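**Student:** Pasting in a structure now, in structure tokens, and then I'll have a few things to ask.
Values in this text are rule-based calculations from the coordinates and carry no lab data. Please read all numbers here as calculations on a predicted model, not as lab measurements. Heads up, the Cβs are rebuilt from the backbone with ideal geometry, glycines too, and the neighbour counts pull from every protein chain shown.
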Amino acid sequence: MQKQLSLLIIILFLASLPVRGGDLYTYSQKANESFSSGNYKQAIYYYDKLINLKPEDDRLYYNLALAYKKSNQLDLALKSINKAIEMKPDNKDHLMLQANLYGLLNKHEKSLNIYKELYKRFSGDKQVVNNLGYYFFRVIKKSEDVDFDKTIQYATEAVDTFPEDLSFLQKLAILYLESKNYGKALGTYKKILRLDPANKTALSNSEYIMYNKKSIDLRNAIDRAQPSLKAPKKLYKLVKVKKGVNPQIRQKAYYLLDLIYSDYEGRILLENVKKKKIKIYITPNGKNAHKAFALKKTHTFSVYGVPLSFTSDTINIEEDYINRFFDTNLDPEARMSSIVVIVHEACHAVRSALRKNKENSLEEEITSSIIGLNIAHKLILNRTLTKQETYRYAKGYLIGSLSDDHAKLRPYNGFSEFIELDLHIKIPYNDTFKDLSALYKEVKDQVKYTHTDLEYGNRIYYSY
């Protein structure tokens, strides 16, 4: 902000006035004493008296403007400084006070134009540079009296004026973030990192922007996703809506089945569901086989002394997992989980229906989820999972499995061989996670429960 005229300057201004009798000297003393003591009303009175005695002195109008400003009479202050500028149009101090007053009156365009003109003429003057920089900061702050687009314009001008000043670049980047202009925000953070490669804010926000950009792209892709095939009516007839679930969810389930059926590998899985007449139950929230082991009419086994139960002939999906795909307010990965969960549960049911061994495994949990995620990527993003994505998700699924009752499962049950050799469904980058002991070492510190077999590399395996 424009620095106030110091008491010393006021004294010099007033002391330099020629004396007309005793009045001029007396008024000068009174004005000086009133201003320095904060009695601005009285200072204004004496400055007026002085101006009547010497109306051609621009410095008196300047001092009067300062007194009006101090007493919050900004319009009168501006009127006074404009009069001073009429007399001395090139006076730097007069122009800086004028710019400051325009700013206080929220006339930012006028204020900034004056500061920029001063910068052109006095670029080597530290006070001018500091005042322009400060005013840029003032108008860049988003407020009710500054239009948001105009604020970005000011910030851009500040960066152009002070290209090496990280603070302006950071302000501009934040404004782009607030306006959801992620492309320009990312470009600005790249400039910051060129100047300061270790800048933590730029590194963190760049990562955040990349995530949000991917999230927006994924959301748009989900909204555009359309089935290219209709699932067979016989498959629709297998959908059963449990009591307590809105019957209208049936149409949403049909749509998701159509979508999965549109993928070649999804179609293989659903054709087996149809062939084996595996019922697809949509259950109330909180009773899903994806989250709980105990379901009635199941085959029961004892693993590590803990009984685990698995339905042999049904798929159970909570209604929440059906609704997620259609909820545009949800995170897009949560929406995509609708496809992942249906495929995951279908993998369990098809394996259970086609093979004698009904026991689940960590191998099956992780692999069925990866297959579901890969099918979802093909349907929505028109590509398969990358090797890096497969490895990252596999670690996440192992962490999740070893943080609940799935931690009691044996490592392997031959599920991967069944999927690839019997169903001819390709597991993406299976080599990145087929060695669960190696994967376990990567995530050991992040899991809730220790798994003894994975800890010691035991490959407990049930053949079909």
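**Student:** Please report the antiparallel percentage of the DSSP beta bridges confined to the chain, to the nearest 5. Provide the component values of the computation, followed by the final result.
**Tutor:** Values: 5 of 13 bridges.
Antiparallel bridges make up about 40 percent of those DSSP assigns within the chain.
**Student:** Using +1 at the C-beta of Lys and Arg and -1 at the C-beta of Asp and Glu, which of Ile174, Thr188, Val129 has the Cα lying farthest in the positive direction of the dipole of segment 119-217?
**Tutor:** Thr188
**Student:** FRET efficiency for Lys54 and Lys213, Cβ-Cβ distance as r, R0 = 45 Å, nearest 0.05?
**Tutor:** Values: r = 65 Å, r/R0 = 1.45.
FRET efficiency, Lys54 to Lys213: 0.10.
**Student:** When the Kirkwood radius is taken over all Cα pairs of segment 217-257, what Stokes-Einstein diffusion coefficient follows at 37 °C and 0.692 mPa s, in µm²/s? All intermediate terms of the calculation are to be shown ahead of the outcome.
**Tutor:** On the way: Rh = 11.9 Å.
Answer, rounded: 275 µm²/s.
**Student:** With point charges of +1 on the Cβ of Lys and Arg and -1 on the Cβ of Asp and Glu, referenced to the Cα centre of the chain, which listed residue (Ala198, Ser403, Thr161) lies farthest in the positive direction of the dipole?
**Tutor:** Ser403
**Student:** Provide the descending list of Cα extents for segment 7-216 along its principal axes, expressed in whole angstroms.
**Tutor:** Principal extents (largest minus smallest coordinate, Cα): 79, 33, 29 Å.
**Student:** Also, quick follow-up: Give me log10 I(q)/I(0) at q = 0.08, 0.11, 0.12, 0.20 Å⁻¹ for segment 95-254, Debye formula, one equal scatterer per alpha-carbon, no solvent.
**Tutor:** Each listed q maps to, in turn, -0.43, -0.61, -0.66, -1.20.
**Student:** Let's test the formula: R0 of 22 Å, r as the Cβ-Cβ distance of Lys276 and Lys434. What FRET efficiency results, to the nearest 0.05? Walk me through the numbers before you get to the answer.
**Tutor:** Details: r = 27 Å, r/R0 = 1.22.
My answer for the efficiency is 0.25.
**Student:** Considering the convex hull of the alpha carbon atoms of the chain, report its projected area averaged over all viewing directions, in nm², one decimal.
**Tutor:** Working: hull surface 126.9 nm².
If you wrap the Cα atoms of the chain in a convex hull and average its projections, you get 31.7 nm².
**Student:** A follow-up question, please. At q = 0.07, 0.09, 0.15, 0.18 Å⁻¹, what base-10 log of I(q)/I(0) does the Debye formula yield for segment 233-456 when every alpha carbon is treated as an equal point scatterer in vacuo?
**Tutor:** Log10 I(q)/I(0), no solvent term: -0.20, -0.34, -1.00, -1.48.
**Student:** First select every other residue whose beta carbon is under 14 angstrom from the beta carbon of Asn113; then total the charges, Lys and Arg +1, Asp and Glu -1. Walk me through the intermediate numbers first.
**Tutor:** Working: positive: Lys107, Lys110, Lys116, Lys120, Arg121, Lys150; negative: Glu109, Glu117, Glu157.
Result for the neighbourhood of Asn113: +3.
**Student:** Which cross-chain or sequence-distant (5 or more) residues have an amide H under 5 Å from the amide H of Lys279, H modelled 1.01 Å from N in plane?
**Tutor:** Hits under the 5 Å cutoff: Ile315.
**Student:** Which lysines, if any, have their Cα less than 18 Å from the Cα of Lys88, not counting same-chain residues under 8 positions apart?
**Tutor:** Lys54, Lys79
**Student:** If Lys and Arg each add +1 and Asp and Glu each add -1, what is the summed charge of the other residues whose beta carbon sits under 13 Å from the beta carbon of Thr384? Before the final figure, lay out each step's value.
**Tutor:** Details: positive: Lys378, Arg383, Lys387, Lys426; negative: Asp263, Glu265, Glu389.
Taking every Cβ under 13 Å from that of Thr384, the sum is +1.
**Student:** Let me ask something else. Under unit Cβ charges (Lys, Arg +1; Asp, Glu -1), what dipole magnitude, rounded to 20 debye, does segment 82-131 have relative to its Cα centre? The partial results should precede the final answer.
**Tutor:** Numbers: 9 positive and 6 negative charges, 9 e Å.
Computed charge dipole of segment 82-131: roughly 40 debye.
**Student:** A further question follows. How large is the charge dipole for the chain, taken about the Cα centre, if only the Cβ atoms of Lys, Arg (+1) and Asp, Glu (-1) carry charge, to the nearest 20 debye?
**Tutor:** On the way: 72 positive and 54 negative charges, 309 e Å.
So the dipole magnitude of the chain works out to roughly 1480 debye.
**Student:** How far, in nm, would the chain grow between Gln446 and Asn82 when pulled straight, counting 0.36 nm per residue and subtracting the alpha carbon separation? Walk me through the numbers before you get to the answer.
**Tutor:** Numbers: separation 364, 0.36 × 364 = 131.04 nm, distance 6.86 nm.
Full-extension gain reported as 124.2 nm.
**Student:** What is the fewest-to-most order of Phe148, Phe137, Phe418 by other Cβ atoms lying within 10 Å of their Cβ? Please report the intermediate quantities before stating the final value.
**Tutor:** Working: Phe148 12, Phe137 16, Phe418 20.
Sorted ascending by nearby Cβ count, the order is Phe148, Phe137, Phe418.
**Student:** Follow-up question, since we're still on this one. Calculate the dipole size of segment 233-456 relative to its Cα centre from +1 charges on Lys and Arg beta carbons and -1 charges on Asp and Glu beta carbons; express the result in debye to the nearest 20.
**Tutor:** On the way: 36 positive and 28 negative charges, 243 e Å.
I would put it at about 1160 debye.
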